[in-house]
1. Given a 1.4 angstrom probe, what's the average accessible area per residue across region 90-174, in square angstrom?
2. Check which residues have an amide H placed less than 5 Å from ARG138's amide H, if you skip close sequence neighbours.
3. Lysine pairs in the chain with Cα distance under 27 Å, only those 8 or more apart or on different chains: how many are there?
4. Using the Cα centre of the chain as origin and beta-carbon charges of +1 (Lys, Arg) and -1 (Asp, Glu), tell me which of MET28, ALA70, PRO56 is placed farthest towards the positive end of the dipole.
5. If you take semi-axes √(5λ) of the Cα gyration tensor in Å from the coordinates, which of (1) 26, 21, 15; (2) 34, 20, 13; (3) 32, 23, 14 do you get?
6. Quick one: 3J(HN,Hα) in Hz for region 63-69, Karplus 6.51/-1.76/1.60 with θ = phi - 60°, rounded, Gly and Pro as x.
7. Tell me the label-point distance for the pair ALA107, LYS21, using the 7 Å Cα-to-Cβ offset, in nm and rounded to one decimal.
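The values are calculated or read from the model by the stated rules, or taken from the named source; none is laboratory data. From a predicted model like this one, the values you see are computed outputs, not experimental measurements. Counting neighbours? That spans all protein chains shown, and the Cβs are built from the backbone with ideal geometry, glycine included. Protein only, heavy atoms only, side chains kept; ligands, DNA and RNA dropped before computing areas. Shrake-Rupley method; radii C 1.70, N 1.55, O 1.52, S 1.80 Å.
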Amino acid sequence: MTGTPEKRNRLIRPHDLRVVKSRQALRMGLLRLLESRNLENITIKDITNEAGVSYPVFFRQFASKEELLADLATNEVRMLLEQTYATFDPASSSSRALCLYVEGHKAVWRSLLTTGAASAMRAEFARVSAEIGYSGHRANPWLPVELASGFVASGVFEVLAWWLSQPDGYSVEKAIKLLDALVIRTVAEPQNLNLD
């Protein structure tokens, strides 16, 4: 099926229970495959076999495995932000919830951050961070929302990627402290900066 993802999604009724189940199965199938192989070495047939869905079902929902990867990355970022929204509240400088969520899904995040999904995840994170910045109280109103959201997304993903590349003994507590010091405090704590 050709056309944009939005057009395909309208045609397949994205809220239909069968569609929801097959999308989730495809995401999970790709995730399991990414634990042992690079995306370049995974075929769409591999994904459908792992997911237990037919080959045509894949193409009713995605144009390519890269589109599935972007969908998977976007979904995982949304799940992270649903679990950790308070982390980005200016009244809170804690990054504990974020790191604990990632630690609980370490294999998924390690796979996603070492594949082409990292850029899609970062973009979605920046987009949602900007929405939060525009809709809520800001500790530093002088700081442009687009700059802050891009900075936060880049910083969070740099820290997470570095942390997940460390040996398994590297504690979540250290990752929390790094994320808090390098990223969260920078935008969440009020600062007096005169740009005039």
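1. Values: 3990 Å² over 85 residues.
Accessible area per residue: 47 Å².
2. none
3. So the count of such lysine pairs works out to 11.
4. It is PRO56, whose Cα lies furthest towards the positive end.
5. Computed from these coordinates, semi-axes √(5λ) of the Cα gyration tensor in Å corresponds to label (2).
6. For region 63-69, the Karplus-derived couplings read 7, 7, 5, 5, 5, 4, 4 Hz, x marking Gly and Pro.
7. 2.4 nm
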